[in-house]
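Beneath this line is the structure, given in structure tokens, with notes to follow.
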Amino acid sequence: YGNVRVRSSGTLVLTGGAYDLRRFEVDTQARVLVQAPATLRVKGIFELGARAAFGPAAGGVDPAAIRVYVDEAAGPLDDDDDDDKVNAAAVARLRERSTFAGNLYAPRGAIYLGSQVQALGSFIARDVCVGAEAEVARRSGWQTAGVVLEPPPP
């Protein structure tokens, strides 16, 4: 896919599987519900708007089975590469009062959790910035054999 955008107050249901995207945007008060294990590989920007939600559908998959990789497909840096240029586009941004449940991975970029964000999962990036009054519950595990998540999902 190219760019995916869920408009304000809209809902997108992901039925599981792998999705390769250039950009993934969820506008204000929109929702993305994941029904089965899913992997999103986003080449550039992953963004949740204010009061947007991204995570498991009711009675659906465990958040550990939801994986979002930002700029994962770019490959390793060469010595001649300009590190700042490469990382400038690898951004995951969760705007104020949004909610996210899953694993967010931006190893060469940044994750920004805005004010009053509620986030559950693993957050791995070169830079992680957590806003005022954000609530982050770390739960490691990428549904790997032998990984037990404690406490269990709510």
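Which one is modelled with the lowest pLDDT, of the residues in region 87-119 that are at negative phi and in contact with a helix residue (DSSP H, G or I) (Cβ under 6 Å, 6 or more places away or on another chain)? It would help to see each step written out before you state the result.
Narrowing region 87-119 to residues at negative phi: 87-96, 98-101, 103-115, 117-119.
With the extra rule that they be in contact with a helix residue (DSSP H, G or I) (Cβ under 6 Å, 6 or more places away or on another chain), the set shrinks to 101, 108-109.
Numbers: A101: 94, R108: 86, G109: 89.
Result: R108.
Starting from residues that are part of a strand (DSSP E or B) and among the polar types (S, T, N, Q), keep the ones in region 2-61 and report whichever is nearest to the chain's Cα centre (by Cα).
The qualifying residue nearest to the chain's Cα centre (by Cα) is T39.
What is the one condition in (1) at pLDDT 90 or above; (2) within 14 Å of the chain's Cα centre (by Cα) that E133 does not satisfy?
Among (1) at pLDDT 90 or above; (2) within 14 Å of the chain's Cα centre (by Cα), the lone unmet condition for E133 is (2).
Would region 27-47 turn up any residue that is within 21 Å of E135 (Cα to Cα), surrounded by fewer than 19 Cβ atoms within 10 Å (Cβ to Cβ), out of contact with any strand residue (DSSP E or B) (no Cβ under 6 Å at 6 or more places or on another chain) and at pLDDT below 95?
no
Look at region 106-133 and say how many of its residues are open to solvent by 40 Å² or more (accessible area, probe 1.4 Å) and within 17 Å of V32 (Cβ to Cβ).
Count: 1.
So which residues in region 8-26 are acidic (D, E) and either under 15 Å from L94 (Cα atoms) or open to solvent by less than 30 Å² (accessible area, probe 1.4 Å) (or both), if there are any at all? Give the steps one after another, and end with the answer.
Restricting attention to region 8-26, the residues satisfying the condition of being acidic (D, E) are 20, 25.
The answer is E25, and nothing else.
The values are calculated or read from the model by the stated rules, or taken from the named source; none is laboratory data. On a predicted model such as this, the values are computed, not experimentally measured, just so you know. Neighbour counts are summed over all protein chains in view; Cβ atoms, including those assigned to glycine, are modelled from backbone coordinates with ideal geometry. To get the accessible areas, we keep the full protein, side chains included, count just its heavy atoms, and leave off ligands, DNA and RNA. Shrake-Rupley method; radii C 1.70, N 1.55, O 1.52, S 1.80 Å.
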